[in-house]
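Taking it in order: structure first as structure tokens, then the write-up.
The values are calculated or read from the model by the stated rules, or taken from the named source; none is laboratory data. Model, not experiment: these values are computed from the prediction. Ideal geometry is used to build each Cβ from the backbone, glycine not excepted, and the neighbour counts take in all protein chains shown. For accessibility, only protein heavy atoms count, side chains too; no ligands or nucleic acids. Shrake-Rupley method; radii C 1.70, N 1.55, O 1.52, S 1.80 Å.
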Amino acid sequence: MKTKGKKKRVGLVIIGIILLLLLVIVGGVFFAANHYLNKINKIDENSAEFETVAPDLEDFETDEGSSEGLEQIAPEDVSWEVLEPLMDDELINLLLVGQDRRPGQGRQRSDSMIVCSINPETMEVSLVSFLRDLYVDFPGDYSDNRLNAAYAFGGFPLLTETLHLNFGVTIDGCFEVDFGGFVQIIDTVGGVDITLTEAEARIMDDGSVAGLNHLNGDQALKYSRIRYIDSDFNRTGRQRNVITAVFNKIKGQSASQFLDLVNVVLPCISTDMSNTQIMSLAMQFAPKMADIQLSSYYVPPRDAYQSAMIRGMAVLVPDRAKIREYLKYEYLPLHAEKEE
């Protein structure tokens, strides 16, 4: 069973995703000056975050006592068919990463991975969560492993390569979150309105009721880390609920209010994008705020994976061909016509 501290860090991911989404879509007018953008930590080949773990030093995060009812599958019995990448050049795909990192630690496994896919023409935005327990094919000499290990082993480059290899998605830029100040951020926007189920309200145990509730930073954190009443699928859904609520809240804020948020947010973010790239994206979307339409999804879909025990890990073995169908024709704002 996870410790209280572990569960808390799991919930912190949502705050980072909120910040990153706002940074790219909302921030153009206010990020025109490098004064603000220079507060973001830049990750490049000269930074410590760029260091990698060699394939011969890879490890597997095993799950003791979690094999009951799961089919035991040998690694060599999992085959990966070669699939063509998605034709997603018309989209801007940004990878939003949250990691479970304690103070003083280096890069850890990614706890949350969300592709924010933007269609610049239609202003449709899809938030697609990729579950951390996906069992995937790693590029190069690494063994097959959980998807969340890619970030720990090779940072943004290995994670983006792994997503492209397995699901065909081309990533245009990455953002990662440091969890400091998560409650302050939610409180800075004045809290969020979230509809709770009876089970969620019961586990909140703070006076919340089934139905619409206004949550402060502490409450939003507690909501976003709820997992054991259902599953990781539902946990990622709660994360996307908070993203959407904060996004809608931000759209109504004044310039001074947003600048207050910016000063809290930026030091918590790391990216492989340059100031010029971020400003170009932000300026492109800021004038179209009213037209933005948010949709949210998760990978794998319920009918596109097999639960199994491999290498001592309880994992989700994806049906990659079926998942690419979902991504191409439903999840990403591609407007591709499905072949009969």
What spacing in nm lies between the two simple spin-label points modelled at LEU212 and GLU198, each 7 Å away from Cα in the Cβ direction?
2.2 nm
With every protein chain kept in place and a 1.4 Å probe, the residues MET279, MET309 fall, from largest accessible area down, as MET279, MET309
Which aspartates and glutamates, on any chain, are close to LYS288 with Cα under 17 Å apart, when same-chain ones fewer than 8 places away are left out?
GLU121, GLU124
Label-point gap, in nm, between THR122 and LYS42 - each point 7 angstrom along Cα→Cβ
3.5 nm
Quick one: grab the alpha carbon gyration tensor of the stretch 125-282, order the square roots of its eigenvalues as a ≥ b ≥ c, and give me rounded if a/c is under 1.5, else prolate or oblate depending on whether a/b is larger than b/c.
oblate
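D for the stretch 85-204, whole µm²/s, Stokes-Einstein with Kirkwood Rh over alpha-carbon pairs at 25 °C and 0.890 mPa s: what number? Walk me through the numbers before you get to the answer.
Values: Rh = 16.2 Å.
After rounding, the answer is 151 µm²/s.
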Can you flag which of LYS222/LYS251; LYS251/LYS322; LYS249/LYS328 are past 27 Å Cα-Cα?
LYS251/LYS322; LYS249/LYS328
Take ASP56 and TYR329, extend 7 Å from each Cα along the Cα→Cβ direction, and tell me the distance between the two endpoints in nm.
4.7 nm
The correct ranking of LEU70, LEU196 by accessible area at 1.4 Å, largest first, is LEU70, LEU196
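On average, how much accessible surface per residue is there in the stretch 168-318, in Å², for a 1.4 Å probe, leaving out ligands, DNA and RNA? Don't jump to the answer; show the numbers that get you there.
Numbers: 6120 Å² over 151 residues.
Solvent-accessible surface per residue comes out at 41 Å².
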Could you list log10 I(q)/I(0) for the stretch 75-154 at q = 0.15 Å⁻¹, which the Debye formula gives when each Cα is one point scatterer?
-0.71
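Order of 209-219, 293-303 by packing, highest average Cβ count within 10 Å first? Intermediate results must be reported in sequence, preceding the final value.
Working: 209-219: 15.0, 293-303: 16.6.
In decreasing order of mean packing, 209-219, 293-303 become 293-303, 209-219.
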In whole Å, how far is the Cα centre of the stretch 104-143 from that of the stretch 191-221?
27 Å
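Assuming R0 = 22 Å, can you tell me the calculated FRET efficiency for the pair ASP205 and ASP230, based on Cβ-Cβ distance, to the nearest 0.05?
Numbers: r = 17 Å, r/R0 = 0.76.
Efficiency, from the Cβ-Cβ distance: 0.85.
State the percentage of accessible surface on the stretch 212-340 attributable to carbon and sulfur atoms; use a 1.4 Å probe and exclude ligands, DNA and RNA.
Working: 2620 of 5730 Å².
Carbon with sulfur: 46 percent of the solvent-accessible area.
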